[in-house]
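Encoded as structure tokens, the structure appears first; notes follow it.
The values are calculated or read from the model by the stated rules, or taken from the named source; none is laboratory data. All figures in this text were calculated on a predicted structure; none of them were measured in a lab. Reconstructed Cβ throughout: ideal geometry from the backbone, glycine too, with neighbour counts over all protein chains shown. Each accessible area value is taken on the protein alone, full model and side chains, heavy atoms only, with ligands, DNA and RNA left out. Shrake-Rupley method; radii C 1.70, N 1.55, O 1.52, S 1.80 Å.
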Number of protein chains: 2
Amino acid sequence: MATWFSRRKRRIEVPRLRPRTEDVVTTKVDLHEFTPSPLEFLGRAAYVQLTLFENLSLAISSAPTTAAKAAIGAAAEGSIARHRALAAEIEKLGSTVADAMDPYTGPIDEFERVTRGADWFEQITTCYLTTGFLDDFFARLAPGLPSSLAERVGAIFAAPTAEAVLADQLEQAIAANPRLASRLAMWGRRLVGDTMLVCRTALHFTEDQRSDEARVEPVFSELIAAHTRRMDALGLTA
Amino acid sequence: MATWFSRRKRRIEVPRLRPRTEDVVTTKVDLHEFTPSPLEFLGRAAYVQLTLFENLSLAISSAPTTAAKAAIGAAAEGSIARHRALAAEIEKLGSTVADAMDPYTGPIDEFERVTRGADWFEQITTCYLTTGFLDDFFARLAPGLPSSLAERVGAIFAAPTAEAVLADQLEQAIAANPRLASRLAMWGRRLVGDTMLVCRTALHFTEDQRSDEARVEPVFSELIAAHTRRMDALGLTA
């Protein structure tokens with residue numbers, strides 16, 4: 001959440017009925033009961049990160065200014081580093097990165113397809129909102145891994161992200177063209193369902209737990225609340 | 001050239017009339033007389049590297065297998081790191097990365113457009129051949145920078161590249177579909193002119209030198225010879 005706070009400092013605050021930080025300090029519920037095997041966790045997480053990186057790269061290619069290209073270039077470096085750190089953990093377990101990712105590409109490719117966006121503004125909105133959502137999700141799933149791996153994976157997801165850079169780009173775009181806001185708000189709402197689907201397929205339910213999927217609902221409520229805060233930070237109504 | 005040797009080790013050698021390494025040991029001519037100002041050098045080089053990175057990223061998105069995605073993902077990490085290292089040098093000179101790159105985007109964007117390729121195989125061929133050519137060129141231009149900067153930039157270009165990874169991907173593709181070879185050979189030949197144009201626009205000629213552009217010809221002959229060796233390494237006739 002470090003980047004969340006650091007980027008908020010740079011915003012112009014408008015009076016609000018309730019301080020915005022209040023939402024942020026809630027205790028995070030983790031998902032350790034539903035964590036899949038280490039290799040499945042890493043394979044899915046690495047492929048998700050590679051996909052998030054691809055989205056960011058496409059946004060470099062279609063960026064409207066050199067300044068945006070440079071800013072997102074910096075973000076892409078962090079993004080590919082996260083994928084590569086997960087890939088290194090896969091190799092430590094004796095698998096190849098490709099073999100570990102291969103069984104899980106289907107739903108993630110579908111996610112990529114439906115969240116691609118019609119133009120640069122939607123692409124960047126996708127990067128900003130889905131990266132935060134999916135990183136949060138995998139960070140909460142990580143505590144169910146064997147302890148030393150859980151710690152290393154936790155550190156990978158605790159590294160600073162590109163969220164502030166992407167939010168800045170979007171803020172500038174919306175300031176320059178306020179009519180973008182309603183289109184991007186609608187796009188942001190659409191992303192929730194597709195992003196949640198990627199998360200749900202990553203949860204491992206035992207036979208006993210099958211009947212009992214409601215237990216993960218509080219986590220999704222928190223993930224959606226964080227999504228809403230990300231939209232709210234740009235003045236987009238979730 | 002380290003990656004050149006390391007990738008050759010993994011190839012199955014066929015008998016040749018002349019050992020292939022002979023070409024490699026020629027003394028490199030540098031271009032220090034024609035080096036532009038530090039900020040121009042860095043702006044152009046950083047934008048070229050960002051473009052090479054974008055090409056690599058597009059090749060991840062369109063890769064036919066998860067194994068290819070994973071391999072090129074590893075390559076992309078090195079590529080964006082090179083751009084970012086040059087960007088850091090720009091910031092040390094007190095400029096923003098965007099301002100330094102902005103005046104030089106025209107010919108490089110045009111290069112990107114004409115070398116984009118019709119499919120994944122052409123994309124990868126572009127990445128493999130143009131990255132080697134342009135890196136060689138900027139490495140030879142770097143000695144004309146002020147000495148401590150020249151040393152740091154030299155180190156950036158001396159870092160291992162993704163050449164071996166890309167050559168492997170292309171070898172596999174051609175082995176699986178030998179008819180690709182003639183199409184990719186033609187594509188490889190076409191790339192030379194467009195790549196040389198990016199190099200020529202980066203050379204700084206004083207009024208006195210204008211009449212005397214022939215002096216850079218030996219360098220371009222060497223760059224083209226290296227290009228031919230890269231094609232030859234894949235069995236493509238240059």
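Observations on the structure shown:
- Acute angle (nearest 10 degrees) that the helix B:180-202 long axis makes with the longest principal axis of chain B, alpha-carbon atoms: 0 degrees
- Accessible surface of the protein assembly as shown, 1.4 Å probe: 56 percent of it comes from carbon and sulfur atoms.
- Delta accessible area of at least 30 Å² on complex formation, residues of region B:76-95, 1.4 Å probe, chain isolated as reference: B:E77, B:I80, B:R84
- The chain A residue nearest the rotation axis shared with chain B, using its Cβ and rounding the distance to whole Å, is A:S57, 2.
- Shielding by partners for peptide A:99-108, expressed as the average number of C-beta atoms from other protein chains within 10 Å of each residue's C-beta, is 2.
- Whether chain A is rounded, prolate or oblate, judged on the alpha carbon gyration tensor where a/c under 1.5 counts as rounded: prolate
- Computed with a 1.4 Å probe over protein heavy atoms only, the accessible surface of chain B comes to 44 Å² per residue.
- Derived scalar couplings between HN and Hα for region A:214-223 equal 4, 5, 8, 4, x, 5, 5, 4, 5, 5 Hz in order, rounded to whole Hz, by the Karplus curve 6.51 cos²θ - 1.76 cosθ + 1.60 (θ = phi - 60°), x for Gly and Pro.
- Using alpha-carbon coordinates, inclination of helix B:105-114 to the longest axis of chain B, degrees: 10 degrees
- In region A:34-61, comparing the full protein assembly with the chain on its own, the residues that lose 10 Å² or more of accessible surface at a 1.4 Å probe are A:Y47, A:L50, A:F53, A:E54, A:S57, A:L58, A:I60, A:S61.
- Rounded to 0.05, the FRET efficiency of the A:R215 and B:D119 pair, given R0 = 41 Å and the Cβ-Cβ distance, is 0.30.
- Position B:E213: other-copy label points at 6.7 nm, ordered by increasing distance, label point 7 Å along Cα→C-beta.
- Once the Cα atoms are used to define both axes, helix B:66-92 deviates from the longest principal axis of chain B by about 10 degrees.
- For the peptides A:74-80, B:41-47, A:149-155, the ranking by mean Cβ contacts within 10 Å, running from highest to lowest, is B:41-47, A:74-80, A:149-155.
- For the pair A and B, total buried accessible area rounded to nearest 100 Å², probe 1.4 Å: 2000 Å²
- Exam field: A:R152 pseudo-label spacings to other copies (7 Å along Cα-Cβ), nanometres: 3.3
- Between B:E110 and B:E33, the simple label model (points 7 Å from Cα in the Cβ direction) yields a spacing of 2.6 nm.
- Anisotropy class of region B:142-238 from Cα gyration tensor, a/c 1.5 cut: oblate
- Three-way shape label, region A:93-143, alpha-carbon gyration tensor, a/c 1.5: oblate
- Among the GluC sites (Glu not before Pro) in region B:154-238, those located in a DSSP loop and surrounded by at most 13 other Cβ atoms within 10 Å of their own Cβ are B:E207.
- Of the residues A:R189, A:R179, the one with the largest accessible area comes first in the ranking A:R179, A:R189, computed with a 1.4 Å probe on protein heavy atoms.
- Calculated FRET value between A:D99 and B:F205, using beta carbons and R₀ = 56 Å, to 0.05: 0.60
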